[in-house]
Amino acid sequence: MKIPKKMKTDSSRRKFIKQSVIASSVFIVPRHVLGGIGFTAPSDQLVLAAIGAGGKGTSDIKNASVNGREKVHALCDVDFSGSAKRSVENFPKAKLYNDYREMLDKEKDIDAVTISTPDHVHAPAAVFAMERGKHVYVQKPMTHNIREARVLTEMARQKKVVSQMGNQGASNPLLKMVQGWVDSGKLGKISKVQIWTNRPVWPQGFAMPAPDESKKPKDLYWDLWLGPAEYKPYTPNLHPFNWRGWWDYGTGALGDVGCHLIDIPFRTLGLKYPTDAECSVGSVYTQMWNADYHPEGCPPSSFITIHFAATAKSQAPIEMTWSDGGIRPSHPEIVPADHDIGGSNSANGVLIIGEKGLISTNINDSSPLTPKLYLNDGTTEFGSEPEKYDEPEYGHQRKWVDACKAGFDSKEHKALTSSFDYAGPMTETVLMGNLAIRSYMLRKENGKGQMDYYGRKKLLWDGEKMKITNIEDANQFVGRTYRNGWNV
């Protein structure tokens, strides 16, 4: 591992002190005595910065600080008048920046960054940080598109940085129960996975709001918020949260919770790249016979089918279905009618279905996972509910910090549940659903003056080459175009 300049300096300083003590025979009081139990010497602290200090970024950087054990040196946000104020209050000595590029070029001592921006800035910020040798913690989804996920996965290996995606439920110990049921063969051959969510819970499925510069918050750096997206005047109702439903910035319901829900079967069944994807979406009619057409944004609901080749754990090819907008699967006959499927009120969940029974689990974020096993012979086994843990978000950020300090390829690094080696391919699968949705909206006028929606087919996917092989126009959604200065 290439050792950052600050770590070299600290190592040299510790060596010098040790040699000086031996030479002079001066007694030194151990630092844990001087500082008390739990004291961490400054030379042993990881120097952290936050890119996106509000919203989810507030808890990401706070949890990464491990109750002050590590040093939060700088905070970056495009609007410190919003929820980012909480991070400033938590870390009053941190230096403040609006542009992460300026922060990382000026603050050479930074070892690692948390990235908790809107989805479209995840990859540009992570690339900029990794190019400078910084370890990265990136909120889910890891990237805005499939190509970016592949780039970040390969760059983390090349630059030998420790990475982690912020799907904190991946560190939930109860996942071992689900994994055990699968590995023990209790379900037999597994051929189907059903996943659903009540998202979106934000405005979605209509035309993009019109720009209105007069409504821009005084302290918001709008151009920096746009980042890699095409420039447009300030548009209300995007920042700080409702950007999720617009393709230039967000990744819809899949991007919001897909990395929590799809993670469970992807991990436990040992999946990798899908072989194909197809979808249908909900329509809105504001006039007779003509569905509203807003390809710039996500639809109000969608249903997606993705196939995978058999794995050692599934023993059969897998059909995975995803539904959002509150659409959920039918209640399985094997599950009593008065039992929720998935989580509370059956609002979000995963069903892993085999020849001998099924597993039902909740969304894998910070909600109770509530794993339940139902077998055809009447056997049942349930996980604990509710769950109690000693540290926030199952220690997901803290484990990343410990791995950063241990170094690339350390046992701590290899033990991470969402380093990019795993999170990259899983994110690609999540975003494959969005590629299908966007392809579904492709259209062109035919000779009769009518619109042909030529992307409404099963999309055949070559995962190694990152390419749709049967509809060339669909490949435009594998990546995106970038404004100058924000390239990936």
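The values are calculated or read from the model by the stated rules, or taken from the named source; none is laboratory data. As the structure is a prediction and not an experimental result, all values here were calculated from the model. Every residue, glycine among them, receives a Cβ derived from its backbone with ideal geometry; neighbour counts consider all protein chains shown.
Yes/no matrix, rows are residues, columns are (1) surrounded by 16 or more Cβ atoms within 10 Å (Cβ to Cβ); (2) farther than 20 Å from Phe408 by Cβ; (3) in contact with a strand residue (DSSP E or B) (Cβ under 7 Å, 6 or more places away or on another chain); (4) of a type in the set (A, V, I, L, M):
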site	(1), (2), (3), (4)
Ser87	yes, yes, yes, no
Asp111	yes, no, yes, no
Thr114	yes, no, yes, no
His122	yes, yes, yes, no
Val136	yes, no, yes, yes
Lys140	yes, yes, yes, no
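May I ask you to say which residue of Pro265, Pro299 is in contact (Cβ under 8 Å) with a residue 12 or more places away in the chain and in a loop (DSSP other than H, G, I, E, B)?
Working: Pro265 fails: in a loop (DSSP other than H, G, I, E, B).
One residue alone meets the criteria, Pro299.
Taking the condition assigned to a loop (DSSP other than H, G, I, E, B), in contact with a strand residue (DSSP E or B) (Cβ under 7 Å, 6 or more places away or on another chain) and farther than 26 Å from Val178 by Cβ, does Pro274 pass? Break it down stepwise before answering.
Details: assigned to a loop (DSSP other than H, G, I, E, B): yes; in contact with a strand residue (DSSP E or B) (Cβ under 7 Å, 6 or more places away or on another chain): yes; farther than 26 Å from Val178 by Cβ: no.
For Pro274, the condition - assigned to a loop (DSSP other than H, G, I, E, B), in contact with a strand residue (DSSP E or B) (Cβ under 7 Å, 6 or more places away or on another chain) and farther than 26 Å from Val178 by Cβ - is not met.
Would you confirm, using the coordinates I've provided, whether Thr429 is of a type in the set (Val, Ile, Thr), surrounded by 15 or more Cβ atoms within 10 Å (Cβ to Cβ) and touching a His at 6+ places or on another chain (Cβ under 9 Å)? Reasoning before the result, please.
Numbers: of a type in the set (Val, Ile, Thr): yes; surrounded by 15 or more Cβ atoms within 10 Å (Cβ to Cβ): yes; touching a His at 6+ places or on another chain (Cβ under 9 Å): no.
In short, no.
In the stretch 118-146, how many residues are part of a loop (DSSP other than H, G, I, E, B), hydroxyl-bearing (Ser, Thr, Tyr) and more than 25 Å from Thr481 (Cβ to Cβ)?
The initial filter retains those residues of the stretch 118-146 that are part of a loop (DSSP other than H, G, I, E, B), namely 118, 132-134, 140-145.
Okay, now just the ones that are also hydroxyl-bearing (Ser, Thr, Tyr), so 143.
Filter once more, keeping what is more than 25 Å from Thr481 (Cβ to Cβ): none.
Here the count works out to 0.
Just to be sure I understand, how many residues within the stretch 449-479 are under 17 Å from Thr429 (Cα atoms) and surrounded by 12 or more Cβ atoms within 10 Å (Cβ to Cβ)? Talk me through it step by step, then tell me what you get.
In the first step, residues of the stretch 449-479 are kept if they are under 17 Å from Thr429 (Cα atoms); the result is 458-469, 474-479.
So of that shortlist, the ones also surrounded by 12 or more Cβ atoms within 10 Å (Cβ to Cβ) come out as 458-461, 463, 466-469, 474-479.
Number of matching residues: 15.
Quick check: is even one residue across the stretch 183-190 polar (S, T, N, Q), free of Cβ contacts under 8 Å to residues at least 60 places away in the same chain and outside the structural domain of Leu152 (by TED's automatic domain parsing)? Break it down into steps so the answer makes sense when it comes.
Taking the stretch 183-190 as the starting set, the residues that turn out to be polar (S, T, N, Q) are 184.
Adding the requirement that they be free of Cβ contacts under 8 Å to residues at least 60 places away in the same chain leaves 184.
Those still in the list that are outside the structural domain of Leu152 (by TED's automatic domain parsing) too: 184.
The answer is yes; a qualifying residue exists.
Which residues, taken from the stretch 326-352, are over 23 Å from Glu393 (Cβ atoms) and buried (at least 22 other Cβ atoms within 10 Å of the Cβ)?
Within the stretch 326-352, Ile341, Leu351, Ile352 qualify.
Among the residues of the stretch 223-238, are any in a helix (DSSP H, G or I), without any contact (Cβ under 8 Å) to a residue 24 or more places away in the chain and more than 30 Å from Leu459 (Cβ to Cβ)?
Going through the stretch 223-238, the residues in a helix (DSSP H, G or I) turn out to be 223-226.
If we keep only those that are without any contact (Cβ under 8 Å) to a residue 24 or more places away in the chain as well, we get 223.
Still in the list and also more than 30 Å from Leu459 (Cβ to Cβ): 223.
Looking for residues that are in a helix (DSSP H, G or I), without any contact (Cβ under 8 Å) to a residue 24 or more places away in the chain and more than 30 Å from Leu459 (Cβ to Cβ), one finds at least one in the stretch 223-238, hence yes.
I'd like to verify a number: residues in the stretch 452-484 that are without any contact (Cβ under 8 Å) to a residue 24 or more places away in the chain, of a type outside the set (D, E, K, R) and farther than 22 Å from Pro295 by Cβ, how many?
The number of residues fulfilling the criteria is 2.
Run Thr286 past the list (1) of a type in the set (Val, Ile, Thr); (2) buried (at least 18 other Cβ atoms within 10 Å of the Cβ); (3) under 29 Å from Tyr454 (Cα atoms) and report the number of the one that doesn't hold.
The one condition Thr286 does not meet is (2).
Evaluate the stretch 94-108: report whether one residue or more is touching a helix residue (DSSP H, G or I) at 6+ places or on another chain (Cβ under 7 Å) and closer than 21 Å to Phe408 by Cα.
Yes - at least one qualifying residue is present in the stretch 94-108.
For Gly250, indicate whether it is crowded, with 24+ Cβ neighbours inside 10 Å, part of a helix (DSSP H, G or I) and in contact with a helix residue (DSSP H, G or I) (Cβ under 6 Å, 6 or more places away or on another chain).
On the way: crowded, with 24+ Cβ neighbours inside 10 Å: yes; part of a helix (DSSP H, G or I): no; in contact with a helix residue (DSSP H, G or I) (Cβ under 6 Å, 6 or more places away or on another chain): yes.
Judged against the criteria, Gly250 is not a match.
Quick check on my filter: what residues within the stretch 330-351 are on the phi < 0 side of the Ramachandran plot, outside any strand (DSSP E or B) and touching a Ser or Thr at 6+ places or on another chain (Cβ under 7 Å)?
Selection gives Val335, Asp340, Ile341, Gly343, Asn348.
May I ask you to list the residues in the stretch 302-325 that are more than 21 Å from the chain's Cα centre (by Cα), crowded, with 20+ Cβ neighbours inside 10 Å and assigned to a loop (DSSP other than H, G, I, E, B)?
Ser314
Determine if the stretch 164-178 includes at least one residue that is touching a Phe, Trp or Tyr at 6+ places or on another chain (Cβ under 7 Å) and among the charged types (D, E, K, R).
The answer is no, given that none of the residues of the stretch 164-178 is touching a Phe, Trp or Tyr at 6+ places or on another chain (Cβ under 7 Å) and among the charged types (D, E, K, R).
Taking Lys372 as the residue in question, decide whether it is touching a strand residue (DSSP E or B) at 6+ places or on another chain (Cβ under 8 Å), basic (Lys, Arg) and in contact (Cβ under 8 Å) with a residue 60 or more places away in the chain.
For Lys372, the condition - touching a strand residue (DSSP E or B) at 6+ places or on another chain (Cβ under 8 Å), basic (Lys, Arg) and in contact (Cβ under 8 Å) with a residue 60 or more places away in the chain - is not met.
Kindly evaluate Gly354 against the criterion of being small (Gly, Ala, Ser), touching a Gly at 6+ places or on another chain (Cβ under 8 Å) and either closer than 15 Å to Pro173 by Cβ or in contact (Cβ under 8 Å) with a residue 12 or more places away in the chain (or both). Before you say what the answer is, go through the steps one by one.
Values: small (Gly, Ala, Ser): yes; touching a Gly at 6+ places or on another chain (Cβ under 8 Å): yes; either closer than 15 Å to Pro173 by Cβ or in contact (Cβ under 8 Å) with a residue 12 or more places away in the chain (or both): yes.
In short, yes.
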